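Everything below concerns the one structure shown next.
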Amino acid sequence: MDLKQLCEMNAVSGFEQSLRRAILAEVSQYEGVKAEIDRMGNVVCRKKSSIEAAKHVLVTANMDECGFMVSSATKEGFLRIMPIGKLDSRMAVSKRIVIGEKKLSAVIGSKPIHLQSQDERKRALSFKEIYADIGAKSEEEALQHAPRGSWCAFDTDFMTFGQGFVSGKALSARAGVYNLLRLLSSSVKADVTAVFTTLHNAGCRGASVVSFSCKPDYAIVLSACLCNDLGNERETTQVSRMGEGVSINFMDKGAISSRKLFRDTCTLAESSNIPHQIERGLSPSSDAGAIQNTGYPLSVVTLSVPCRNMNSPCEVMKNEDIDSQLRLTINLIDNL
Amino acid sequence: MYDLLKKITSAVGPTGEEGKVAEAILSEVAPFVDEHTIDAMGNLICVKKGKNPDGKKIMLSSHMDHIGFIVMDCEKEGYLRVACVGGIHVEQAKNRHVIFPNGVEGVISAEVTEKKPAFTDLYIDIGAESREEAMRLVKLGDIAVFAPDCYRIGENRVASPAMDDRCACALQARFLQTMGEKEDTVIAVFSTQEEVGCRGARAAAFAYEPDMGIAIDVTANGDTPGDKFPAITLGKGIAVKVMDRGSISNPALREDLCRCAEENNIPYQREILPFGGTDASAMQLARGGIPVCTLSLPCRNVHSPVEVIDMRDMDSGLRLLRCFIK
């Protein structure tokens, strides 16, 4: 599966079934990989090392993307939706979405600016004031096609643009999934447990059970990080920069990376000439906190790909940064 | 006690990088315990086995970490931009002497602004005149703390930026040195990362599965001009915590501790804190849950560079632990 196919699949937090099945089908073709699904819906894959007396490394990436859920319908037939994950209501308006397994098309709308009062123009509309339009004419008709609890995902095509840039929805999750699949299909010098986690956007819940089922020597979390390098931001609040390589994280709101593992990772990236940067900001909790601190303590480091417009229908990454994340992961596993 | 306190408060150990504190403590307690280990979170865990093989496993936890400033970036003129690790009020961070674990010293200041200063206005001057020079001295991700400065005030009180929670570490260390043989097994955890959510203690409690947990931490005071709550007074004895926002102490364990203090004429106070939490909150919910209580050392100006405790409260805490643990 390539990155385009992965991004165009729909797997909103809590509804990762189709991606789970696709991953299982894919890894069944890889040599020496055993896969199973745990009770949180994580896909847990194990691959043996190519050399004897190897270490055991846990590598994770989350599958799920942000999206919406249908909560009710108005009598005129418009659906009320609530966000799943951290979504900015300001960027939801006028976006195309698909709803449910039947992939019903819909458009998110609100009162047009022409009719908004001065006050309304100044503030962002909340999710209570926007709606999804599926072309229904009544509450019954709307809920018949899109029952309460249906998931909604952004409807965006994947695209490549500029010099090696890619854009699509769910890139912040699927780049990690893509790299984890590529890792499983290569030969590595350690025993690897690769876990594709669920419910990252709902509080890293899939990741919170992972450490109970394996006791690795250390863990690598593949993630995406904020990239605030457009516009007038001063350098010290940019967090990361596009094209400068995989971002190594010393701390986020959920976990402080093990000092030694963090320093060793930086040293290894330097000596192997892998483009890398140090993340310059305190990102929200990643799966690292959940993995480090729910069972036996683990040494964890997070490797992130810089991502512009995170949690939007058009996330942007650079191919070379995605590749650097994979290169550094393999290098760590083979050498640490 | 003062010398032990001075040694442990002088070690530089920010949240996330507590190694030097663990070293200082281990040098004091190693000869007195049966086993000691440092786990993946950096916790220093010392075990003193009890004579009774069916005895209780009692976990004690005091945290080694100290709130700090993590280097996020560096301006081209050599000033370090920071974020806080743990709960720091910006006002406490203006114009202070700070130090990094590698020995580099600096001064942290806030940009002069019309509005209230925020964390993004803070910067540390380490004497470098360019980014290149600064990055030779420290690295992104290094964490600075208020510089150690331990001194006596009068006969009984001691001030230091790190009383939270090194005075408890000193108490716990002194307990290990003087406890002698007991029936029950004591698992003394010197924990990490308490200031960001009791992470070290959570891991230790999961790994060792104790029967009960006693956290030792500092608490606020109500005996200075203007501060009447909580109703805690320095020098009136160790505080037995009824509740804070992190945990409600197990009532039976709490009363056992109070009764033990009364029966042995050990001064104590009951404490209720309408905010905050200790390692007890993490120990209480480990695995299937265990009874917990916190013993608190009354402390003034918590999370400032001048935290003040009374050594008489430390002594009463030590006596209580010695009498309570059989």
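The values are calculated or read from the model by the stated rules, or taken from the named source; none is laboratory data. Just so we're clear, the structure is a prediction, and the values are computed from it rather than from any experiment. Methodologically, a virtual Cβ is constructed for each residue, glycine included, from the backbone with ideal geometry; neighbour enumeration extends over all protein chains shown.
Odds and ends about this structure:
- B:Asp315 surrounded by 16 or more Cβ atoms within 10 Å (Cβ to Cβ), in contact with a His (Cβ under 8 Å, 6 or more places away or on another chain) and at negative phi: no
Conditions tested, residue by residue: (1) surrounded by 17 or more Cβ atoms within 10 Å (Cβ to Cβ); (2) not basic (Lys, Arg).
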site: A:Glu8; (1), (2): no, yes
site: A:Val43; (1), (2): yes, yes
site: A:Glu52; (1), (2): no, yes
site: A:Leu58; (1), (2): yes, yes
site: A:Ser71; (1), (2): no, yes
site: A:Lys75; (1), (2): no, no
site: A:Met82; (1), (2): no, yes
site: A:Lys86; (1), (2): no, no
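- The residues listed here are B:Val82, B:Val90, B:Val104, B:Val98; of these, the one that is within 14 Å of chain A (Cβ to nearest Cβ) and within 27 Å of B:Val21 (Cβ to Cβ) is B:Val82.
- In segment B:125-150, the qualifying residues are those that are of a type outside the set (A, V, I, L, M, F, W, C) and touching a helix residue (DSSP H, G or I) at 6+ places or on another chain (Cβ under 9 Å), and the one that is nearest to B:Met59 (Cα to Cα) is B:Pro148.
- Tabulated pairs, segment B:74-95, first under 22 Å from B:Leu137 (Cβ atoms), second among the hydroxyl-bearing types (Ser, Thr, Tyr), C-beta under 6 angstrom, 6+ apart or interchain: B:Gly78/B:Ser130; B:Tyr79/B:Tyr123; B:Arg81/A:Thr236; B:Arg81/B:Tyr123; B:Val85/B:Thr15; B:Asn95/B:Ser109
- Among the residues of segment B:231-273, those identified as of a type in the set (Asp, Glu) and under 22 Å from B:Cys198 (Cβ atoms) are B:Asp244, B:Glu271.
- In segment B:35-46 there is no residue that is closer than 20 Å to B:His303 by Cβ, touching a strand residue (DSSP E or B) at 6+ places or on another chain (Cβ under 6 Å) and surrounded by fewer than 18 Cβ atoms within 10 Å (Cβ to Cβ).
- Applying the criterion of being within 14 Å of another protein chain (Cβ to nearest Cβ) and part of a loop (DSSP other than H, G, I, E, B) to the residues of segment B:170-218, the residue that is nearest to B:Lys51 (Cα to Cα) is B:Glu209.
- Among the numbered conditions (1) touching a residue at least 40 places away in the same chain (Cβ under 8 Å); (2) part of a loop (DSSP other than H, G, I, E, B), the only one that B:Asp256 does not meet is (2).
- Only one entry in B:Ser160, B:Ser191 is crowded, with 21+ Cβ neighbours inside 10 Å, of a type in the set (Ser, Thr, Tyr) and over 27 Å from A:Leu298 (Cβ atoms), namely B:Ser160.
- Residue match in segment B:287-300 (condition: within 21 Å of B:Cys167 (Cα to Cα), touching a Lys or Arg at 6+ places or on another chain (Cβ under 9 Å) and of a type in the set (Gly, Ala, Ser)): yes
- Entry remark, segment A:209-236: residues being of a type in the set (S, T, N, Q), within 14 Å of chain B (Cβ to nearest Cβ) and either under 21 Å from the mean Cα position of the chain (by Cα) or within 17 Å of A:Val305 (Cα to Cα) (or both) number 2 in total.
- Criterion violated by B:Leu26 - all others in (1) in contact (Cβ under 8 Å) with a residue 40 or more places away in the chain; (2) more than 12 Å from chain A (Cβ to nearest Cβ); (3) hydrophobic (A, V, I, L, M, F, W, C) satisfied: (1)
- Among the residues of segment B:302-326, those that are part of a loop (DSSP other than H, G, I, E, B) and touching a helix residue (DSSP H, G or I) at 6+ places or on another chain (Cβ under 6 Å) comprise B:Val302, B:Ser304.
- Qualifying positions in segment B:267-301 - part of a loop (DSSP other than H, G, I, E, B), among the polar types (S, T, N, Q) and crowded, with 21+ Cβ neighbours inside 10 Å: B:Thr278
- Matching residues in segment A:257-285 - criterion: being of a type in the set (Val, Ile, Thr) and either within 18 Å of the chain's Cα centre (by Cα) or more than 12 Å from chain B (Cβ to nearest Cβ) (or both): A:Ile274
- Segment A:209-244, subset part of a strand (DSSP E or B) and in contact with a helix residue (DSSP H, G or I) (Cβ under 7 Å, 6 or more places away or on another chain), residue surrounded by the fewest Cβ atoms within 10 Å (Cβ to Cβ): A:Tyr218
- Among (1) buried (at least 24 other Cβ atoms within 10 Å of the Cβ); (2) in a strand (DSSP E or B); (3) within 13 Å of chain A (Cβ to nearest Cβ), the one test that B:Tyr123 misses: (1)
- For segment A:39-56, a residue qualifies if it is touching a residue at least 40 places away in the same chain (Cβ under 8 Å) and closer than 10 Å to A:Lys189 by Cα, and the qualifying residues are A:Lys48, A:Ser49, A:Ser50, A:Ile51, A:Ala54, A:Lys55, A:His56.
- Inclusion of A:Ser247 among residues that are under 17 Å from A:Leu328 (Cβ atoms) and either in a loop (DSSP other than H, G, I, E, B) or touching a Pro at 6+ places or on another chain (Cβ under 7 Å) (or both) is warranted.
- Of the residues examined, B:Thr15 is not one that is without any contact (Cβ under 8 Å) to a residue 12 or more places away in the chain and within 12 Å of chain A (Cβ to nearest Cβ).
- Residue ranges of strands (runs of 3 or more DSSP E) in segment A:1-104 with at least 3 members over 17 Å from A:Ala170 (Cβ atoms): A:33-37, A:43-47, A:56-62, A:67-73, A:79-84
- Where B:Gly50 falls short, out of the listed (1) in a loop (DSSP other than H, G, I, E, B); (2) buried (at least 16 other Cβ atoms within 10 Å of the Cβ); (3) under 25 Å from the mean Cα position of the chain (by Cα): (3)
- Per the listing A:Gly176, A:Gly254, A:Gly168, A:Gly206, the residue uniquely within 14 Å of chain B (Cβ to nearest Cβ) and buried (at least 18 other Cβ atoms within 10 Å of the Cβ) is A:Gly254.
- A:Ser304 fulfils the conditions (1) out of contact with any strand residue (DSSP E or B) (no Cβ under 7 Å at 6 or more places or on another chain); (2) more than 8 Å from chain B (Cβ to nearest Cβ) except for a single criterion, (1).
- Residue in segment A:246-259 that is free of Cβ contacts under 8 Å to residues at least 40 places away in the same chain and farther than 16 Å from B:Gly197 by Cα present: yes
- Selection from segment B:165-208 of residues that are touching an Asp or Glu at 6+ places or on another chain (Cβ under 6 Å) and farther than 18 Å from B:Met41 by Cα: B:Ala168, B:Ala173
The rows are residues; the columns are (1) within 30 Å of A:Met82 (Cα to Cα); (2) at pLDDT 95 or above.
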{"site": "A:Tyr178", "(1), (2)": "yes, yes"}
{"site": "A:Val188", "(1), (2)": "no, no"}
{"site": "A:Gly203", "(1), (2)": "yes, no"}
{"site": "A:Leu226", "(1), (2)": "yes, no"}
